[in-house]
Every structure is written in structure tokens, then in C-alpha cells.
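Structure record follows, encoded as C-alpha cells.
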Amino acid sequence: MNAKASAQTIDRLNKLKQTIEKHRRLYHTNDAPEISDEAYDSLLKEFETIEAAHPELVTVDSPSQRVGGEPIAEFKKVRHVHQQWSFDDVFDLTELKKWDEKVRNFIDKAGVADEPLEYCCELKIDGLKIISTYTGGVFIQAATRGDGEVGEDVTHNVRTIRSIPLKLSAAVDCIVVGEAWMSVTDLDRINAERTQQGEPVYANTRNLAAGSLRQLDPKMTASRNLDSFIYDIEEVTTSKGIRAVATQSSELQLLKELGFKTNPYAKVCRNVADIQAFYEEWTKKRHDLDYQLDGIVIKVNSQKIQQALGYTGKSPRWGVAYKFPAEQVTTVLEDITFQVGRTGVVTPVAILKPVLVAGSTVSRATLHNEDEITRLDLRIGDTVIIQKAGDVIPDIVSVVRELRTNKMKPFVWPTHIPACGGDGRIVRIPGEAAWKCVSPDSFDQQKRKFYYFVSKHCFDMDGLGPKILDVLLENNLISSFDDIFTLKKGDLLALPRFAEKSADNVIQAIEKARKVTLPRLIASLSIPQVGQETAYDVARHFENLKNQIPASAGGSNLKSEQTTLDLIAHASVVEFRSIYGVGDVVAESLHSWFRDADNIKLVANLLKHITLVQEEIRANKKFEGKSFVFTGTLPTLEREVAQDMVRKNGGDVSSSVSKKTSYVVAGAEAGSKLEKAQELGVPILDEVAFLALFK
């Protein structure tokens, strides 16, 4: 048991704490160090030695607590006290003037025209937004932005950022917002280390900052050397010594007085001309800094005007982000596909030869609508100029017409889109440039098909769940099954809630799924009336048929799964009807589906990205010649596991009950199949009896 600390020891610890905090602030916040790094480390070592001898003296705002504790299992969710907004973007002087005009119109309507209108311009740091909470001046919690309402608890990692004070200069309750960022120097250092270790490098500082802040081990985050700038006070208690602020510029000063690091280059501008001058200055100087910028942020300086202007559904009216000129590159337009939105609006998407732009590899660009394609006069095979202008996916700026050949034909806008459901018909909305599906529930149908395509019954893409698929669909990154296999990591990193780890997980799941059996492929296509069992029946029938083709007809060379697929695609209704378990309705559905040109194109496109492999060799032939039908929910076995057990032992699994059925395995809530089995006298097994067959 440790001896009680003496008054002298406690006094020494407190003085060390004050001194360490002073020099931390001078170094990390004010950029004006008075002692060397070695001297600072020596003070910190003495402080930690005293704490180690007297653990009862450790407090939550202790310098030793910046890196402490064991790695966590997962991030907890945090509901924000205040909605976290994103600024709307402008990209040129014309758009800036329009925004300024809107602000002035709102000011007149809101009755605050007597307030002087100024703008506080700040550099837009390319990092990750953090929201920090202090109670009594002590750091309590930090969270990411998340979806604006709920973020991730990253307290243990933000605590490692030395520019974040663990204790403020005043004992206030407050919530502040800022940016966690990574320097270019540290990006280069970490990438050099990763290169030596044979690991992939980070594309830019934002990706590295996001990945570092989402580490489960705070020691790893600490090694990355994150930094911060704080730029907003969401709420603060009034306290003696804390003055009220009426402007954004004075709020930045108050943040600095409380001990936060603020960006030193903020400037108050009187009008659009001043803003444009500030913007052009930093457009030229942005690469002189050791952190990356993607524009400037413009805020109405008066908080009274801010409160009067309020917010739209997604952004504050009193602020806007003025993005720097986008990086432009050239690439080839390989195809134009169509994405159906949740309201049924059809959006064209350019499929590009993958190219690096603004630090990320992308393979898609938005085309907005039919008029945009006409304006650009796009043709498949064109070399195009694309730019990353702050959107999730890039824009096509223009076509390099000098590289166009006579073989490239003008693009013809379709009248039917398969993803629309029904007959796929689309119509142009009167008075608009947009087209819309006639079928009212097309987007929901499309989502359900994608959910099934990646499910364990089909391509088994673990980690690519409904929420991620929704984001990909809504942001026009996928519109057809084969689009999934063309996704690049850079396509994902621009999406909400995607960091290095989550993007890597999705890409790994996709890569793992590139090998698939023919039954799983058939099941994944969402052919009406064709489920998992029917897909197996169809695949096995045509595989057997392929093997029966005589050598004189080329049978000796017909050993690939793709040849079996060719047989299926060209089969007649009669041939489909001859398959055990396939009735008239299913046969007609299969025949009709494989006669559709769009479906044939879908299969062909999938085969460019996947490899068809043989099913796992059957362990034995114990159940050869026997057919099983499963119905209801088994107590412990998942249906697909039970079905695989049958197949690996030589048996067949069917979706329908007939006199030829050997066994019906029934679980809870069994339906009409159980009744049919009872009617025909087919043996019925529960899970216990089913498992007994394997003994």
C-alpha cells in the first residue's frame, strides 16, 4: 500500500501540472515554445513518477491521461445536444454573389437590417469534425459528427491530441466544435513507415486523420500526432471572467483565451470583394501550409444576424463554404448507366476508366440529367475532363473532342430502365429536365434486390449490409449488380461515415466474393419465382446435360461453368419444365428472363468481374437419389446449413413437395409444404430426426 502523499509532494505535483499545461499551451496552441521538447518531456516524466507513487492524486485532466487505458472493443454512439450542420458550397464568384444577395434579402425580411453586415472568413481545414464537451472547465467527452444527430464517442482518442486542453482557463460548462487534422509532414512520415512495412499508404491527410481518430487503441492514435483547430462554441455557461460575445470573430478570440488552438488566419471582410481577395490569396498560398485546405468558410460575423437567419433543412443560411478550384484530370467514358432514386427519378451515371483525382481513385461521375448529356454531347469511348468539386462523385466538365473517332455515336436516351420495375417505362417530368419511373415502388424493389444479391445465400458479401447499400444507391455509385465489383476505395472514402477501415472492409468483402458457384449466381439474379432451391435444381440439371454432350459435338471441351450458363440462357420452356421441381410458372419465368437483352447484358457484365467455380465436392453419397424439402424455422440449424449438409452427402434439395420427395424437414411456422407432405404421405422430420440421419 502506498504511503499517503505529503503536502510538499502534492504542492510539487500541482506546480508541475500548471507548468506542463502552460508549456503545452505555448507550444501547441500559441506556436511560441519557451523550452525545448527534451525539457518538456523531463517535466512530464517527473510528474508521471509522482502519480505512479500516489495513484490517488490522478485526475481526469491530468497530463498523464492523454494516453491511458486499454483499447476499446467498439465505439459507442453519442446523440448530439445540438444538430451538426454542413455548409452549402459555392465554387465561383458568381455563386458567391448570389449567396450574398440571399443573405441580404433574408436580413431585410428578418428585421435585423440595422445590424452591421460583416463576414468572418476562416480557412476550411481538410480534417475530421469533432464536438467536445467540458464540465466545470474539464474535458469530459468528444464525438464525431456522424449523421449530424448521432456520432461516435472518440473521447479516448481526442484526449491524445495535445492541442486539445484537458482543463480550460475558466471553470465553465461548454460544447465546442472544431477539426482534427493531420500535417502533411506526418502524412509523409507515416506513409514512409508503411511503405517499408509493405502496407498500403494513405491518399491524403484527411483519410489519415479520420483513420487515426477511429483507432480502437488510443496509443495508436497518439503515435499519429493529430492536431486540432477549434472554431465554434455551441453553448457556454455565463461565468465570472467570461465575457459575452456578439460576433464570430470575438468567439474565436474567446476560444483562444479558454485555451483552445484556433487557426490564426481568420479575417473579417466587409463585402464580397474582400471575401474574393481573401479566397484568391489562399488559393495561391494553400500549399505553403503543413496542413491541407479545400477552401474557405464564410460566416456572417454578427451572431444576432445568424440567429435571425437560422437554418434550412440541412445547412445554416448564415454561412457557406467557398471551395478551391477543383483538380481536373482526363479519363475515358466507358459506359453510361442509370440510377433510380427513392422518388423514382432517373439519374444518369458515367462509368469511367478508374483515375486518381484529388487524392482518391474514382470510377464514376454524375451526369445530372438528359440535358447535361446533350450539352456535353457525350459518346461512349470519349476522353473526358473530370473534376472533383466537393461532391461525393466528380463532374464531367467537357469532352476532349480532338480524341473522338468516327465510330463513337451520339448517346440515345432510353425509354425504359429495368431498375424501374414493372415494364421499366420512364417519362420526362413536365417542365423539368428529369425523367421518372412510371412504376411507383421501383427504388424499394431495387434495394431489396441488392440486399438479396449480397446476402449469404448468394454472393455472401459480409460487411456490405443494407445501410451501406442504401448510401451507395442514393449517391449514384451503383445501379446494377456488376457495379459493385467496379467500386474503388476512393469511391467509398468520400461517402458519409466511411473511414479507411470501413472502406477496406467493403473492398475486401467484394474481392472475396469474386469466386461464386453457379447456383448462387442464378439465385442472386432475382429471377421471379426462382429461389435458392430452384437455382440449385436448374444448375445441376444443366451441368449434367453439359456432361452428356458427346465428344464429337465438342463435349470434351465443354467443362467450364460458363458453358453451363450458356445452355441455361438458350434453353426452351420445355427444357426448363423437364427439371425436377420446376413447374409451368417457374419455367416460363426462367425462359422469359433469359430472353431479355438487358438481363443477358447484366450476366455478361457480371462474368467480366467474377469467376464461376465448382460446388464443393460431396463428402459421400449417403443420400444419393433422395430429395429433401425444408419448411419453417428449425430450432438451432440455419436453413442454408441444413441444406448444405444434405448436398454434401449426395442428396438433393427441392423447393416443392411431390410424391418423389423423400423427406420434408419441418420447423416452427411450417406452411403449405407441411400440409402437402401430410396429404401425400411423405415422411416428415423435425430437427432431431433430421440430424439422426447423419449418425
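No value in this document is a laboratory result; all are computed from the given coordinates. Model, not experiment: these values are computed from the prediction. Glycine also receives a Cβ, built like all others from the backbone with ideal geometry; neighbour counts cover every protein chain displayed.
In this structure the amide hydrogen of Leu352, modeled in the peptide plane, comes within under 5 Å of the amide hydrogens of Glu334, Arg364, Ala365, none closer than 5 places in sequence on its chain.
Subtracting the Cα-Cα distance of Gln197 and Asp423 from 0.36 nm times their residue separation leaves 75.9 nm of extension gain. Where only DSSP H runs of four or more residues are counted, the chain gives -10500 deg cm²/dmol as its mean residue ellipticity at 222 nm, each run worth -39500 (n - 2.57). For the residue pairs Lys76/Lys388; Lys109/Lys256; Lys15/Lys501; Lys323/Lys353; Lys76/Lys102, the C-alpha atoms sit more than 31 angstrom apart in Lys76/Lys388; Lys109/Lys256; Lys15/Lys501; Lys76/Lys102. Taking a straight Cα-Cα cut-off under 25 Å and skipping sequence neighbours fewer than 8 places away in the same chain, the lysines within cross-link reach of Lys676 are Lys626, Lys659, Lys660. For the stretch 641-695, the set of GluC sites (Glu not before Pro) satisfying both a DSSP loop assignment and a count of at most 14 other C-beta atoms within 10 Å is given as Glu669.
For the stretch 215-291, the percent of C-alpha pairs falling in each 10 Å distance bin, counted from 0 to the bin holding the largest distance, reads 14, 32, 32, 20, 3. Using 29 Å as the Cα-Cα cut-off, could you pick out the over-long pairs in Lys45/Lys77; Lys467/Lys489; Lys124/Lys447; Lys299/Lys436? Exceeds cut-off: Lys45/Lys77; Lys124/Lys447; Lys299/Lys436. Within the stretch 617-695, the proportion of C-alpha pairs whose separation exceeds 16 Å stands at 45%. Treating r as the C-beta distance of Thr185 and Leu680 and R0 as 60 Å, the FRET efficiency rounds to 0.20. For the chain, the Cys residues with no second cysteine's beta carbon closer than 4.7 Å are Cys120, Cys121, Cys174, Cys269, Cys458.
Among Val646, Ala246, Thr611, which residue has its Cα positioned farthest towards the positive end of the charge dipole of the chain, with +1 placed on the Cβ of Lys and Arg, -1 on the Cβ of Asp and Glu, and the dipole taken about the Cα centre? Of the options given, the answer is Val646.
Order these by the 10 Å Cβ neighbour count, fewest first: Met461, Met182, Met408.
Values: Met461 21, Met182 29, Met408 15.
Listed from fewest to most nearby Cβ atoms, that is Met408, Met461, Met182.
Note on Asp462 and Ala3: their simple-model spin labels are 5.7 nm apart, each label 7 Å out from Cα toward Cβ. Site pair Ala246 and Arg12 shows an inter-label distance of 5.2 nm when each label is modelled 7 Å from Cα along Cα→Cβ.
Using 0.36 nm times the number of residues separating Ala569 and Leu93, minus their current alpha carbon distance, what extension gain do you get? All intermediate terms of the calculation are to be shown ahead of the outcome.
On the way: separation 476, 0.36 × 476 = 171.36 nm, distance 5.64 nm.
Extra length available between Ala569 and Leu93 comes to 165.7 nm.
Using only alpha carbons, the chain has a radius of gyration to Kirkwood radius ratio (Rg to Rh) of 1.06.
Measuring how big the stretch 254-372 is from its alpha-carbon positions, Rg and Dmax come out at 19.7, 56 Å.
If a spin label sat at a point 7 angstrom from the Cα of Ile140 along the line to its beta carbon, the backbone N atoms of the stretch 216-255 nearer than 13 Å would be those of 235-237. Straight-line cross-link reach from Lys98 at under 15 Å between alpha-carbon atoms covers these aspartates and glutamates, not counting any fewer than eight positions away in the same chain: Asp88, Asp89. When each of Asp423, Asp395 is scored by the number of other beta-carbon atoms lying within 10 Å, the sequence from fewest to most is Asp423, Asp395.
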